[in-house]
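The values are calculated or read from the model by the stated rules, or taken from the named source; none is laboratory data. Quick caveat: nothing in here was measured; it's all calculated off a predicted structure. Methodologically, a virtual Cβ is constructed for each residue, glycine included, from the backbone with ideal geometry; neighbour enumeration extends over all protein chains shown. For the accessible areas, the whole protein counts, side chains as well, though only heavy atoms, and no ligand, DNA or RNA atoms are used. Shrake-Rupley method; radii C 1.70, N 1.55, O 1.52, S 1.80 Å.
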Amino acid sequence: MPAVLAVLALAGLGTLVPATSAQADNWACNDNYTAAAYGYMYAYNDHSCHGGVIGYSSSWDSDWGNSNGPFQGTDTNKASSILNKGSIAVQFFNGTGQDWAGGYICLSRNEAYASNIADAYFTSDVQVTDAISSHRWVTESKCSDDSWAT
Ligand SMILES: [Ca+2]
Ligand SMILES: [Ca+2]
């Protein structure tokens, strides 16, 4: 009987550990969201809102790699988690330019943040991690598919 109980206890632990670590992953994003300024979006170097803030903005930036605006130089192609504390959605693009063309992905206000975009793809099927190069604010209706955020 003790052996059976031990196995049951281990099985119980096995289910608890992943849940706890998943929650831990989101705590930094939760904390950052609480601390974030209203009306701003944020981007982070690593997943789970770790690795430092690449930049934050209440406005738009059509090129995260140029020398203008809230995102500049090496900020482009670096974000691994993103956060939205604005009143509408943020649309992130793989490309640059004010024609806002090419593949994109959206982070709605209600999603608040995407703690790990490793499994996310732009509408062009290009992987989002370390590939965001511009962003703008859009109404939620312009972002039809936002079910990817976790
Ligand atoms: Ca810029
Ligand atoms: Ca990164």
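At-a-glance table
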read-out: Added length on full extension, which subtracts the Cα-Cα distance from 0.36 nm per residue, A101 to A37; value: 20.2 nm
read-out: Local electrostatic count at T74 - Lys and Arg +1, Asp and Glu -1, tallied over other residues with Cβ under 13 Å; value: -2
read-out: Region 27-142 - convex hull of the alpha-carbon atoms, volume per residue in Å³; value: 86
read-out: Pairwise label distance in nanometres, D46 with V126, each label 7 Å out on the Cα-Cβ vector; value: 2.6
read-out: Rounded accessible area per residue of region 45-150, 1.4 Å, Å²; value: 46
read-out: Pairwise centroid distance, computed over Cα atoms, of region 119-140 with region 24-52, Å; value: 17
